[in-house]
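The values are calculated or read from the model by the stated rules, or taken from the named source; none is laboratory data. Small disclaimer: the values here were computed from a predicted structure and weren't measured. Positions of Cβ are generated from backbone atoms using ideal geometry, with glycine treated the same way; all protein chains shown enter the neighbour counts.
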Amino acid sequence: MLLKQVMAKHGVTQSALRQVLIQANGKPLSAAATSQMLGQGIFPRLMARDEIESKVTEYLTGRGVDAVEIKAAWESLKTDHTAATPKSKEITMSQREILTQAARDKFGLGKRHPFIDDVQSRNDVFKSTDTLYVQETMLQAALHGGFLAVVGESGAGKSTLKDDLIEKLRVEGNKTVVVQPRCIDKGRLTASYICDAIIYDVSGSDKTPQKFEWKSRRAETVLTDSLKNGGSHCLLIEEAHDLHLLTIKFLKRIWELKYGFTRLISIILIAQPEILKNKLSERNDEAREVVRRCEIVELKPLSGDDLRKYLKHKFARCQVNLTDVFEDNAYGAIQAALSMSSKAGVESMTYPLIVNNLVIAALNKAAAIGSDKINADLIAAMVQR
(Lines give C-alpha, C1' and ligand atoms only; values in the text may rest on other atoms or scores of the structure.)
Protein backbone atom coordinates (compact mmCIF):
# COMPACT_ATOMS: atom_id res chain seq x y z
CA MET A 1 0.00 0.00 0.00
CA LEU A 2 1.34 3.45 -0.93
CA LEU A 3 2.22 5.85 1.87
CA LYS A 4 -0.49 8.29 0.82
CA GLN A 5 -3.03 5.44 0.92
CA VAL A 6 -1.92 4.51 4.44
CA MET A 7 -2.41 8.16 5.42
CA ALA A 8 -5.88 8.26 3.91
CA LYS A 9 -6.84 5.00 5.62
CA HIS A 10 -5.88 6.39 9.03
CA GLY A 11 -7.19 9.92 8.50
CA VAL A 12 -3.74 11.55 8.31
CA THR A 13 -3.79 14.66 6.10
CA GLN A 14 -0.92 16.01 4.06
CA SER A 15 -1.13 19.32 5.92
CA ALA A 16 -0.81 17.50 9.27
CA LEU A 17 2.17 15.50 8.02
CA ARG A 18 3.95 18.68 6.89
CA GLN A 19 3.91 19.99 10.46
CA VAL A 20 6.38 17.30 11.52
CA LEU A 21 8.60 17.81 8.47
CA ILE A 22 10.32 20.99 9.59
CA GLN A 23 13.26 22.09 7.43
CA ALA A 24 16.50 23.72 8.59
CA ASN A 25 14.98 27.16 7.91
CA GLY A 26 12.25 26.44 10.48
CA LYS A 27 9.50 26.14 7.85
CA PRO A 28 7.43 23.02 7.11
CA LEU A 29 8.21 21.15 3.91
CA SER A 30 6.22 22.77 1.12
CA ALA A 31 2.90 21.31 -0.01
CA ALA A 32 4.31 20.80 -3.52
CA ALA A 33 7.40 18.94 -2.24
CA THR A 34 5.30 16.78 0.08
CA SER A 35 2.90 15.95 -2.74
CA GLN A 36 5.80 14.96 -5.02
CA MET A 37 7.26 12.74 -2.33
CA LEU A 38 3.96 10.96 -1.63
CA GLY A 39 2.81 10.69 -5.21
CA GLN A 40 6.03 10.20 -7.17
CA GLY A 41 8.73 9.17 -4.69
CA ILE A 42 10.67 12.39 -5.33
CA PHE A 43 12.44 13.29 -2.09
CA PRO A 44 13.35 16.97 -1.51
CA ARG A 45 16.95 18.14 -1.34
CA LEU A 46 16.32 20.41 1.63
CA MET A 47 15.76 17.48 4.02
CA ALA A 48 17.63 14.18 4.31
CA ARG A 49 15.58 11.14 3.38
CA ASP A 50 16.55 9.36 6.62
CA GLU A 51 15.32 12.34 8.63
CA ILE A 52 12.01 12.37 6.74
CA GLU A 53 11.47 8.64 7.22
CA SER A 54 12.29 8.86 10.93
CA LYS A 55 9.94 11.76 11.61
CA VAL A 56 7.07 10.37 9.56
CA THR A 57 7.44 6.90 11.07
CA GLU A 58 7.37 8.32 14.59
CA TYR A 59 4.31 10.42 13.78
CA LEU A 60 2.38 7.57 12.14
CA THR A 61 3.24 5.21 14.99
CA GLY A 62 1.82 7.78 17.41
CA ARG A 63 -1.36 7.78 15.35
CA GLY A 64 -1.71 4.03 15.83
CA VAL A 65 -0.48 2.85 12.43
CA ASP A 66 1.03 -0.64 12.51
CA ALA A 67 4.83 -0.80 12.06
CA VAL A 68 4.57 -3.44 9.32
CA GLU A 69 2.18 -1.23 7.38
CA ILE A 70 4.53 1.74 7.70
CA LYS A 71 7.53 -0.30 6.52
CA ALA A 72 5.62 -1.54 3.47
CA ALA A 73 4.60 2.04 2.69
CA TRP A 74 8.24 3.19 2.71
CA GLU A 75 9.14 0.29 0.44
CA SER A 76 6.66 1.68 -2.09
CA LEU A 77 8.80 4.84 -2.21
CA LYS A 78 12.15 3.05 -2.31
CA THR A 79 13.17 4.64 -5.63
CA ASP A 80 14.89 7.92 -4.78
CA HIS A 81 14.45 10.47 -7.58
CA THR A 82 16.08 13.30 -5.63
CA ALA A 83 18.90 13.79 -8.08
CA ALA A 84 16.45 14.34 -10.95
CA THR A 85 14.84 17.30 -9.22
CA PRO A 86 16.69 20.63 -9.54
CA LYS A 87 17.04 22.44 -6.22
CA SER A 88 15.87 25.70 -7.72
CA LYS A 89 12.53 24.16 -8.74
CA GLU A 90 11.82 23.29 -5.12
CA ILE A 91 12.70 26.83 -4.06
CA THR A 92 10.59 28.36 -6.82
CA MET A 93 7.56 26.30 -5.95
CA SER A 94 7.73 26.46 -2.18
CA GLN A 95 8.79 30.00 -1.38
CA ARG A 96 6.71 33.10 -1.88
CA GLU A 97 8.72 35.66 -3.80
CA ILE A 98 8.62 39.38 -2.96
CA LEU A 99 8.62 41.81 -5.88
CA THR A 100 11.51 44.24 -5.43
CA GLN A 101 11.21 47.99 -5.86
CA ALA A 102 13.75 47.82 -8.67
CA ALA A 103 11.55 45.36 -10.56
CA ARG A 104 8.44 47.49 -9.93
CA ASP A 105 10.18 50.55 -11.33
CA LYS A 106 11.70 48.78 -14.34
CA PHE A 107 8.48 47.14 -15.52
CA GLY A 108 5.99 49.89 -14.62
CA LEU A 109 4.40 48.09 -11.68
CA GLY A 110 4.62 50.95 -9.19
CA LYS A 111 0.88 51.32 -8.70
CA ARG A 112 -0.35 47.73 -8.61
CA HIS A 113 1.09 44.27 -8.00
CA PRO A 114 0.02 41.74 -10.67
CA PHE A 115 -0.35 38.86 -8.19
CA ILE A 116 -1.31 40.35 -4.80
CA ASP A 117 -4.95 41.28 -4.12
CA ASP A 118 -5.34 40.43 -7.78
CA VAL A 119 -8.97 39.25 -7.60
CA GLN A 120 -11.26 42.03 -6.42
CA SER A 121 -14.21 41.33 -8.72
CA ARG A 122 -15.49 38.57 -10.99
CA ASN A 123 -13.81 40.33 -13.93
CA ASP A 124 -10.43 39.67 -12.31
CA VAL A 125 -10.92 35.89 -12.41
CA PHE A 126 -8.93 34.34 -15.26
CA LYS A 127 -11.03 31.91 -17.24
CA SER A 128 -9.19 29.25 -19.19
CA THR A 129 -11.04 26.51 -21.06
CA ASP A 130 -10.55 24.25 -18.06
CA THR A 131 -11.65 26.76 -15.43
CA LEU A 132 -14.73 27.68 -17.47
CA TYR A 133 -15.74 24.02 -17.47
CA VAL A 134 -15.14 23.63 -13.71
CA GLN A 135 -16.89 26.94 -13.05
CA GLU A 136 -19.99 25.89 -14.99
CA THR A 137 -19.99 22.45 -13.36
CA MET A 138 -19.93 24.07 -9.92
CA LEU A 139 -22.79 26.41 -10.84
CA GLN A 140 -24.99 23.62 -12.18
CA ALA A 141 -24.27 21.49 -9.11
CA ALA A 142 -25.21 24.37 -6.80
CA LEU A 143 -28.44 25.16 -8.64
CA HIS A 144 -29.66 21.66 -9.39
CA GLY A 145 -28.92 19.45 -6.40
CA GLY A 146 -25.53 18.13 -7.43
CA PHE A 147 -22.95 16.29 -5.33
CA LEU A 148 -19.58 17.48 -6.57
CA ALA A 149 -15.93 17.38 -5.49
CA VAL A 150 -13.62 20.01 -7.01
CA VAL A 151 -10.00 18.95 -6.58
CA GLY A 152 -6.76 20.68 -7.44
CA GLU A 153 -3.22 21.11 -6.20
CA SER A 154 -2.32 23.89 -3.80
CA GLY A 155 -2.34 27.12 -5.80
CA ALA A 156 -4.51 25.77 -8.61
CA GLY A 157 -7.25 28.36 -8.01
CA LYS A 158 -9.90 26.36 -6.13
CA SER A 159 -10.68 29.07 -3.58
CA THR A 160 -10.93 31.69 -6.32
CA LEU A 161 -13.56 29.65 -8.15
CA LYS A 162 -15.41 29.11 -4.86
CA ASP A 163 -15.51 32.87 -4.26
CA ASP A 164 -16.57 33.44 -7.87
CA LEU A 165 -19.47 31.01 -7.47
CA ILE A 166 -20.71 32.68 -4.28
CA GLU A 167 -20.44 36.14 -5.85
CA LYS A 168 -22.25 35.02 -9.01
CA LEU A 169 -25.14 33.64 -6.96
CA ARG A 170 -25.27 36.91 -4.99
CA VAL A 171 -25.10 39.48 -7.80
CA GLU A 172 -27.56 37.60 -9.99
CA GLY A 173 -30.16 37.65 -7.23
CA ASN A 174 -30.33 33.89 -6.96
CA LYS A 175 -32.09 32.63 -3.84
CA THR A 176 -29.52 29.90 -3.22
CA VAL A 177 -28.31 29.91 0.39
CA VAL A 178 -24.67 28.87 0.61
CA VAL A 179 -24.03 26.93 3.83
CA GLN A 180 -20.39 27.04 4.93
CA PRO A 181 -19.39 25.29 8.17
CA ARG A 182 -16.88 27.49 10.01
CA CYS A 183 -15.05 24.74 11.87
CA ILE A 184 -11.41 25.56 11.06
CA ASP A 185 -10.13 22.01 11.57
CA LYS A 186 -12.15 20.09 8.99
CA GLY A 187 -10.86 16.86 10.49
CA ARG A 188 -13.16 17.64 13.44
CA LEU A 189 -16.17 18.54 11.32
CA THR A 190 -18.91 16.10 12.33
CA ALA A 191 -22.49 15.42 11.32
CA SER A 192 -23.65 17.42 14.32
CA TYR A 193 -21.58 20.48 13.34
CA ILE A 194 -22.92 20.32 9.79
CA CYS A 195 -26.50 20.28 11.06
CA ASP A 196 -25.67 23.31 13.22
CA ALA A 197 -24.33 25.13 10.15
CA ILE A 198 -27.43 24.31 8.09
CA ILE A 199 -29.79 25.51 10.81
CA TYR A 200 -27.85 28.75 11.34
CA ASP A 201 -27.16 29.69 7.70
CA VAL A 202 -30.65 28.84 6.44
CA SER A 203 -32.84 30.00 9.34
CA GLY A 204 -30.50 32.48 11.04
CA SER A 205 -31.10 30.81 14.40
CA ASP A 206 -28.20 29.86 16.64
CA LYS A 207 -30.47 27.81 18.90
CA THR A 208 -30.10 24.16 17.99
CA PRO A 209 -31.36 21.06 19.84
CA GLN A 210 -28.81 19.14 21.91
CA LYS A 211 -29.93 15.64 20.92
CA PHE A 212 -28.67 14.66 17.50
CA GLU A 213 -32.00 13.11 16.42
CA TRP A 214 -33.82 16.38 17.09
CA LYS A 215 -31.03 18.39 15.54
CA SER A 216 -31.23 16.30 12.34
CA ARG A 217 -34.98 16.77 12.18
CA ARG A 218 -34.60 20.51 12.74
CA ALA A 219 -32.06 20.81 9.90
CA GLU A 220 -34.39 18.96 7.52
CA THR A 221 -37.34 21.14 8.58
CA VAL A 222 -35.56 24.46 7.95
CA LEU A 223 -34.40 23.23 4.54
CA THR A 224 -37.92 22.13 3.62
CA ASP A 225 -39.52 25.39 4.78
CA SER A 226 -36.95 27.42 2.86
CA LEU A 227 -37.53 25.34 -0.29
CA LYS A 228 -41.29 25.91 -0.04
CA ASN A 229 -40.58 29.65 0.01
CA GLY A 230 -38.62 29.48 -3.22
CA GLY A 231 -35.14 29.02 -1.81
CA SER A 232 -32.45 26.52 -2.68
CA HIS A 233 -29.35 25.47 -0.75
CA CYS A 234 -25.74 24.52 -1.34
CA LEU A 235 -23.45 23.06 1.31
CA LEU A 236 -19.89 24.15 0.44
CA ILE A 237 -16.89 22.74 2.33
CA GLU A 238 -13.28 23.80 1.73
CA GLU A 239 -10.29 21.70 2.79
CA ALA A 240 -12.54 18.67 2.35
CA HIS A 241 -9.51 16.39 2.05
CA ASP A 242 -9.31 16.65 5.86
CA LEU A 243 -12.83 15.27 6.36
CA HIS A 244 -13.15 11.93 8.10
CA LEU A 245 -14.60 9.21 5.89
CA LEU A 246 -17.60 8.84 8.23
CA THR A 247 -18.39 12.53 7.72
CA ILE A 248 -18.19 12.13 3.94
CA LYS A 249 -20.62 9.20 4.16
CA PHE A 250 -22.95 11.35 6.27
CA LEU A 251 -22.85 14.06 3.58
CA LYS A 252 -24.22 11.58 1.09
CA ARG A 253 -27.20 11.02 3.40
CA ILE A 254 -27.79 14.76 3.70
CA TRP A 255 -27.68 15.03 -0.08
CA GLU A 256 -30.38 12.35 -0.37
CA LEU A 257 -32.91 14.43 1.62
CA LYS A 258 -35.81 15.43 -0.62
CA TYR A 259 -39.12 17.27 -0.66
CA GLY A 260 -41.08 15.33 -3.24
CA PHE A 261 -38.61 14.83 -6.08
CA THR A 262 -36.54 17.92 -5.27
CA ARG A 263 -33.33 17.61 -3.32
CA LEU A 264 -33.20 19.86 -0.30
CA ILE A 265 -29.51 20.68 -0.65
CA SER A 266 -26.63 20.33 -3.07
CA ILE A 267 -23.07 19.66 -1.91
CA ILE A 268 -19.74 20.93 -3.24
CA LEU A 269 -16.47 19.74 -1.69
CA ILE A 270 -13.23 21.59 -2.42
CA ALA A 271 -10.02 19.71 -1.77
CA GLN A 272 -6.49 18.77 -2.67
CA PRO A 273 -6.50 15.69 -4.87
CA GLU A 274 -4.18 13.11 -3.38
CA ILE A 275 -6.17 12.30 -0.23
CA LEU A 276 -9.72 12.93 -1.38
CA LYS A 277 -9.17 10.82 -4.49
CA ASN A 278 -8.00 7.96 -2.29
CA LYS A 279 -11.00 8.35 0.00
CA LEU A 280 -13.34 8.46 -3.00
CA SER A 281 -11.63 5.67 -4.90
CA GLU A 282 -13.52 2.71 -6.35
CA ARG A 283 -10.92 0.56 -4.55
CA ASN A 284 -12.06 1.92 -1.19
CA ASP A 285 -14.91 -0.40 -0.23
CA GLU A 286 -15.92 1.80 2.72
CA ALA A 287 -16.63 4.73 0.40
CA ARG A 288 -18.48 2.88 -2.35
CA GLU A 289 -21.86 4.42 -1.50
CA VAL A 290 -20.37 7.90 -1.94
CA VAL A 291 -18.05 7.21 -4.89
CA ARG A 292 -20.86 6.33 -7.26
CA ARG A 293 -22.84 9.47 -6.46
CA CYS A 294 -20.18 12.15 -6.16
CA GLU A 295 -18.85 13.67 -9.38
CA ILE A 296 -15.18 14.70 -9.29
CA VAL A 297 -13.72 17.47 -11.46
CA GLU A 298 -10.06 18.46 -11.31
CA LEU A 299 -8.42 21.83 -11.92
CA LYS A 300 -5.60 21.20 -14.37
CA PRO A 301 -2.38 23.23 -14.67
CA LEU A 302 -2.19 26.04 -17.22
CA SER A 303 -1.25 24.50 -20.54
CA GLY A 304 -0.64 25.56 -24.11
CA ASP A 305 -1.57 29.17 -24.81
CA ASP A 306 -3.45 29.47 -21.50
CA LEU A 307 -0.19 30.37 -19.72
CA ARG A 308 0.35 33.36 -22.01
CA LYS A 309 -3.30 34.39 -21.69
CA TYR A 310 -3.13 34.10 -17.91
CA LEU A 311 -0.10 36.39 -17.69
CA LYS A 312 -1.63 38.81 -20.18
CA HIS A 313 -4.76 38.97 -18.01
CA LYS A 314 -2.73 39.65 -14.84
CA PHE A 315 -0.49 42.35 -16.34
CA ALA A 316 -3.40 44.05 -18.15
CA ARG A 317 -4.91 44.78 -14.71
CA CYS A 318 -1.74 46.79 -14.01
CA GLN A 319 -1.97 48.60 -17.35
CA VAL A 320 1.20 46.86 -18.52
CA ASN A 321 1.54 45.35 -21.99
CA LEU A 322 2.75 41.75 -21.82
CA THR A 323 5.08 42.21 -24.81
CA ASP A 324 6.95 44.87 -22.82
CA VAL A 325 7.81 42.29 -20.17
CA PHE A 326 8.27 38.90 -21.90
CA GLU A 327 10.03 37.69 -25.02
CA ASP A 328 7.99 35.18 -27.02
CA ASN A 329 10.30 32.35 -26.04
CA ALA A 330 9.76 32.89 -22.30
CA TYR A 331 6.44 31.05 -22.08
CA GLY A 332 7.79 27.74 -23.31
CA ALA A 333 10.72 28.12 -20.93
CA ILE A 334 8.34 28.65 -18.00
CA GLN A 335 6.41 25.52 -19.01
CA ALA A 336 9.66 23.56 -19.16
CA ALA A 337 10.91 24.95 -15.84
CA LEU A 338 7.73 23.86 -14.09
CA SER A 339 7.59 20.39 -15.61
CA MET A 340 8.97 17.31 -13.91
CA SER A 341 9.48 13.71 -14.94
CA SER A 342 7.32 11.07 -13.27
CA LYS A 343 6.43 7.44 -13.90
CA ALA A 344 3.42 8.60 -15.91
CA GLY A 345 5.54 10.89 -18.11
CA VAL A 346 6.01 14.64 -17.75
CA GLU A 347 3.94 16.33 -15.06
CA SER A 348 3.29 20.05 -15.32
CA MET A 349 3.22 22.24 -12.22
CA THR A 350 2.06 25.37 -14.02
CA TYR A 351 -0.60 26.18 -11.45
CA PRO A 352 -1.33 29.91 -11.02
CA LEU A 353 0.31 30.34 -7.61
CA ILE A 354 3.50 28.54 -8.71
CA VAL A 355 3.61 30.51 -11.97
CA ASN A 356 3.22 33.71 -9.95
CA ASN A 357 6.23 32.85 -7.77
CA LEU A 358 8.43 32.01 -10.73
CA VAL A 359 7.46 35.13 -12.66
CA ILE A 360 8.09 37.41 -9.66
CA ALA A 361 11.53 35.81 -9.23
CA ALA A 362 12.19 36.35 -12.95
CA LEU A 363 11.12 40.01 -12.75
CA ASN A 364 13.49 40.53 -9.83
CA LYS A 365 16.32 38.77 -11.68
CA ALA A 366 15.78 40.76 -14.88
CA ALA A 367 15.84 44.04 -12.95
CA ALA A 368 18.97 42.99 -11.05
CA ILE A 369 21.00 42.15 -14.17
CA GLY A 370 19.60 44.96 -16.31
CA SER A 371 17.71 42.76 -18.78
CA ASP A 372 14.99 44.63 -20.68
CA LYS A 373 12.69 41.59 -20.84
CA ILE A 374 12.26 38.11 -19.43
CA ASN A 375 13.42 35.53 -21.96
CA ALA A 376 14.08 31.80 -22.18
CA ASP A 377 17.75 32.13 -21.28
CA LEU A 378 16.94 33.99 -18.07
CA ILE A 379 14.35 31.38 -17.03
CA ALA A 380 16.74 28.52 -17.84
CA ALA A 381 19.54 30.15 -15.86
CA MET A 382 17.28 30.44 -12.83
CA VAL A 383 16.36 26.75 -12.99
CA GLN A 384 19.95 25.55 -13.42
CA ARG A 385 21.53 27.72 -10.73
(message) Let me spell it out: the conditions are (1) within 20 Å of Ile98 (Cα to Cα); (2) surrounded by fewer than 19 Cβ atoms within 10 Å (Cβ to Cβ), and Lys314 meets all of them except one. Which number is the exception?
(response) (2)
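Mind telling me which of the residues Lys215, Lys252 ends up being surrounded by 16 or more Cβ atoms within 10 Å (Cβ to Cβ), in contact with an Asp or Glu (Cβ under 8 Å, 6 or more places away or on another chain) and closer than 24 Å to Arg292 by Cβ? Spell out how you get there, then give the answer.
Numbers: Lys215 fails: closer than 24 Å to Arg292 by Cβ.
Only one candidate passes the filter, namely Lys252.
Tell me, please, whether a residue that is within 22 Å of the chain's Cα centre (by Cα) and not hydrophobic (A, V, I, L, M, F, W, C) can be found in the range 285-294.
First pass over the range 285-294, keeping only residues within 22 Å of the chain's Cα centre (by Cα): 287, 290-291, 293-294.
Applying the additional criterion that residues be not hydrophobic (A, V, I, L, M, F, W, C) yields 293.
Yes; the residues of the range 285-294 include at least one that is within 22 Å of the chain's Cα centre (by Cα) and not hydrophobic (A, V, I, L, M, F, W, C).
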(message) If I filter the range 156-206 down to residues being under 26 Å from Gln135 (Cα atoms) and among the small types (Gly, Ala, Ser), which single residue comes out as surrounded by the fewest Cβ atoms within 10 Å (Cβ to Cβ)?
(response) Gly173
(request) Kindly establish whether Leu132 is hydrophobic (A, V, I, L, M, F, W, C), surrounded by fewer than 18 Cβ atoms within 10 Å (Cβ to Cβ) and out of contact with any helix residue (DSSP H, G or I) (no Cβ under 9 Å at 6 or more places or on another chain). (result) yes
(message) Return the pair list, or none, for Cβ contacts closer than 6 Å from residues in the range 195-215 that are in the same structural domain as Ser226 (by TED's automatic domain parsing) and aromatic (Phe, Trp, Tyr) to residues that are part of a loop (DSSP other than H, G, I, E, B) and exposed (fewer than 10 other Cβ atoms within 10 Å of the Cβ), at least 6 apart or on different chains.
(response) Tyr200/Asp206
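Would you point out which residue out of Lys300, Lys277 is crowded, with 18+ Cβ neighbours inside 10 Å, of a type in the set (D, E, K, R) and under 27 Å from Gln120 (Cα atoms)?
Details: Lys277 fails: under 27 Å from Gln120 (Cα atoms).
None of the others qualify; the one that does is Lys300.
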(request) Of the numbered conditions (1) of a type outside the set (S, T, N, Q); (2) in contact (Cβ under 8 Å) with a residue 12 or more places away in the chain; (3) within 30 Å of Asp328 (Cβ to Cβ), Leu251 fails exactly one; give the number of that condition. (result) (3)
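Of a type outside the set (Lys, Arg), under 30 Å from Ile248 (Cα atoms) and assigned to a loop (DSSP other than H, G, I, E, B), is that true of Gly145?
yes
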(request) Answer yes or no: is there a residue in the range 105-113 that is under 26 Å from Leu269 (Cα atoms) and among the acidic types (Asp, Glu). (result) no
(request) Just one of (1) surrounded by fewer than 20 Cβ atoms within 10 Å (Cβ to Cβ); (2) farther than 18 Å from Ile248 by Cβ; (3) not aliphatic (A, V, I, L, M) trips up Glu153, so point out which. (result) (1)
(request) Restrict the check to the range 327-350 and report whether at least one residue is part of a strand (DSSP E or B), surrounded by fewer than 18 Cβ atoms within 10 Å (Cβ to Cβ) and acidic (Asp, Glu). (result) yes
(message) Take Lys207 and tell me if it is modelled with pLDDT under 90, of a type in the set (Lys, Arg), farther than 25 Å from Leu139 by Cβ and in contact with a helix residue (DSSP H, G or I) (Cβ under 9 Å, 6 or more places away or on another chain).
(response) yes
(request) Just one of (1) within 20 Å of the chain's Cα centre (by Cα); (2) of a type in the set (Val, Ile, Thr); (3) assigned to a helix (DSSP H, G or I); (4) surrounded by fewer than 17 Cβ atoms within 10 Å (Cβ to Cβ) trips up Thr323, so point out which. (result) (1)
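Hey, any hits in the range 261-271 for a residue that's surrounded by fewer than 19 Cβ atoms within 10 Å (Cβ to Cβ) and more than 22 Å from the chain's Cα centre (by Cα)? Even if it seems obvious, please write down each step before you answer.
Pass one, the range 261-271, residues surrounded by fewer than 19 Cβ atoms within 10 Å (Cβ to Cβ): 261-262.
If we keep only those that are more than 22 Å from the chain's Cα centre (by Cα) as well, we get 261-262.
Among the residues of the range 261-271, at least one is surrounded by fewer than 19 Cβ atoms within 10 Å (Cβ to Cβ) and more than 22 Å from the chain's Cα centre (by Cα), which makes the answer yes.
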